[in-house]
Amino acid sequence: MITTILRIFWIHLRRDRVVWLLTFIVPVAFFSIFAIIFGGSGRNSTAAVRVAVVDEDESDFSKNLVAALEKDKGLRVTTKLEAKEGDASRHGASLARQDAEALVRDGNVSAAIILPKGLGKSFPSFSGDRPTVEVLADTSDPVAPQMLSGMLQGLALTAAPDAMMRGGIAQLAKWGGGLTPEQRKVVEQAEQHLKQPAPDDGSSGGAAGSGLLAVKTVDVLGQEKANPVVAFYAAATAVMFLLFSCANGAGGSLIEETESGTLDRILSSNLTMTQLLAGKWISFILLGVMQVSVMFLWGWLVFRLELWSHVPGFLVMTVVTAAAAAAFGIMLGTLCTTRGQLAGLSTTVILLMSAVGGSMFPRFAMSEGMRTAGLFTFNAWALDGYQKVFWRDAPVWELWPQVLVLAALTAVFLIAARLLARRWEVV
């Protein structure tokens, strides 16, 4: 009897594609996604950090430091204005502090480095009045400013060894007495040797804790926000569970009506399939708006989420997100024939989209390839829109890329659902 039970089990398993999918394909897919995100420990496996550099000092030391930053393969350095970042008359001009801060606020770079006047003249110095290098940070990406602070310390040691030597000799002469002519000649020869460029291996070298530079991180976006990251987590969670709700609700209701025979009776009346799908779509848009609103209201009540100052942008993103999610759920309902198929397919697709699209792990920490892959998911565009609203304080009209993409996805899902639903219509 046990042998018979095993044989029946394998027959059912072989026929049930959903079980095969959830048992073998989904775990491997999730393992692969998180292995790509977390498993790459080398420099080439992570995305290059976009950084703007402003050289207010324009000394030999600061120029060497900028050149070393540009050579680093882990960075994408911007030092000049482009036409879209200012008026045409300033195209190609060196960045000023306000230009770099605008790039950070607009999300065009992860951070900006300000090399102040007097930096080269005072380097190396450990006095309290030495110029401070500022890292203007967008702390929605908390990794970049910390990495840049450590990198600057290392590059200060390796980018200008002649300045290091000259400063050290100056300190020796100041506190230990002057050098003899023969000693100065040897020092000048050593300086000329140290000025020779080092081989470019694409690495920054040095240690983060050397303290050769005074570095201060300035949060240009989150410093005036009560709880700046909670909006991201609220949106990430809300979008993922909105997809589950619409898939199980809108899609599940269609399958239940088909199995119970209710759908045939509805279609035999004056109600058309287009009207039925439109009614379900609008119903689940309203439900989705309420679901997301409850999540953000809870964030406001408990976690100090700044909701009321962002209501217009929040409403725009919530309505278009709920519309796309409802259309997605209806499409899955018309695609599947049983509840089991719907559960398996929706779980697989939604979890994969959430992993790649940023609902489970922030996209700023992903590789460039994973970020690009995320743009093919529903979640990424919705989360980018909420990020613009709550983090960058963007006005409503700047949400047009996210709104346009989500509206296009809504249209695609609805058209696909209408075409798939033709199998239920009475001929």
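The values are calculated or read from the model by the stated rules, or taken from the named source; none is laboratory data. Since this is a predicted model, take the numbers as computed values, not measurements. Please note: Cβ atoms are built from the backbone with ideal geometry, for glycine as well, and neighbour counts cover all protein chains shown. Side chains are part of the model used for accessible areas, which takes the heavy atoms of the whole protein and leaves out ligands, DNA and RNA. Shrake-Rupley method; radii C 1.70, N 1.55, O 1.52, S 1.80 Å.
With an 8 Å Cα cut-off and a minimum separation of 6 or more residues, compute the relative contact order for the range 344-427 in percent.
Values: 50 pairs, mean separation 16.9, N = 84.
With pairs under 8 Å counted, the relative contact order is 20 percent.
Going by average Cβ density within 10 Å per residue, which order do the peptides 319-328, 239-248, 102-111 take, highest to lowest?
On the way: 319-328: 26.9, 239-248: 23.8, 102-111: 21.1.
Peptide ranking by packing, descending: 319-328, 239-248, 102-111.
Once you keep just the Cα pairs under 8 angstrom separated by 6 or more residues, what percentage relative contact order results for the range 240-390?
Working: 152 pairs, mean separation 51.8, N = 151.
Reported relative contact order: 34 percent.
Suppose every K and R has +1 on its Cβ and every D and E has -1 on its Cβ; what is the size of the dipole of the range 384-427 about the Cα centre, in Debye to the nearest 20? Mind showing how you got there, number by number?
On the way: 5 positive and 4 negative charges, 52 e Å.
With only Lys, Arg, Asp and Glu charged at Cβ, the dipole is about 260 debye.
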Once phi for every residue in the range 403-415 is put through the Karplus expression 6.51 cos²θ - 1.76 cosθ + 1.60 (θ = phi - 60°), the whole-Hz ³J(HN,Hα) values, with Gly and Pro written as x, are 5, 5, 5, 5, 5, 5, 4, 4, 5, 5, 5, 5, 5
Expected unfolding gain across residue 408-residue 48 under the 0.36 nm per residue rule, minus the alpha-carbon gap, is 126.6 nm
With no solvent term and unit scatterers on the alpha-carbon positions of the range 252-380, Debye gives log₁₀ I(q)/I(0) at q = 0.14 Å⁻¹ of -0.81
Stokes-Einstein, Kirkwood over Cα pairs, the range 275-336, 20 °C, 1.002 mPa s; D in µm²/s equals 170
For the range 320-427, whose charge dipole is built from +1 on Lys and Arg Cβ atoms and -1 on Asp and Glu Cβ atoms, the candidate among 360, 325, 389 with its Cα farthest towards the positive end is 325
For the pair residue 302 and residue 278, the simple spin-label estimate (label points 7 Å beyond Cα toward Cβ) gives in nm 4.0
Under the 7 Å Cα-to-Cβ spin-label approximation, residue 423 and residue 368 lie apart by a distance in nanometres of 4.3
accessible surface per residue for the range 216-305, probe 1.4 Å, DNA/RNA/ligands not counted, whole Å² -> 50
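From the convex hull of the Cα coordinates of the range 311-427, what is the mean projected area in square nanometres? Write down the numbers at each step before the final one.
Working: hull surface 33.7 nm².
Result: 8.4 nm².
Past 25 Å, Cα to Cα, is the threshold; run 73/216; 63/216; 280/388; 80/117; 117/388 against it and keep the listed order.
Details: 73/216 23 Å; 63/216 20 Å; 280/388 30 Å; 80/117 18 Å; 117/388 34 Å.
Exceeds cut-off: 280/388; 117/388.
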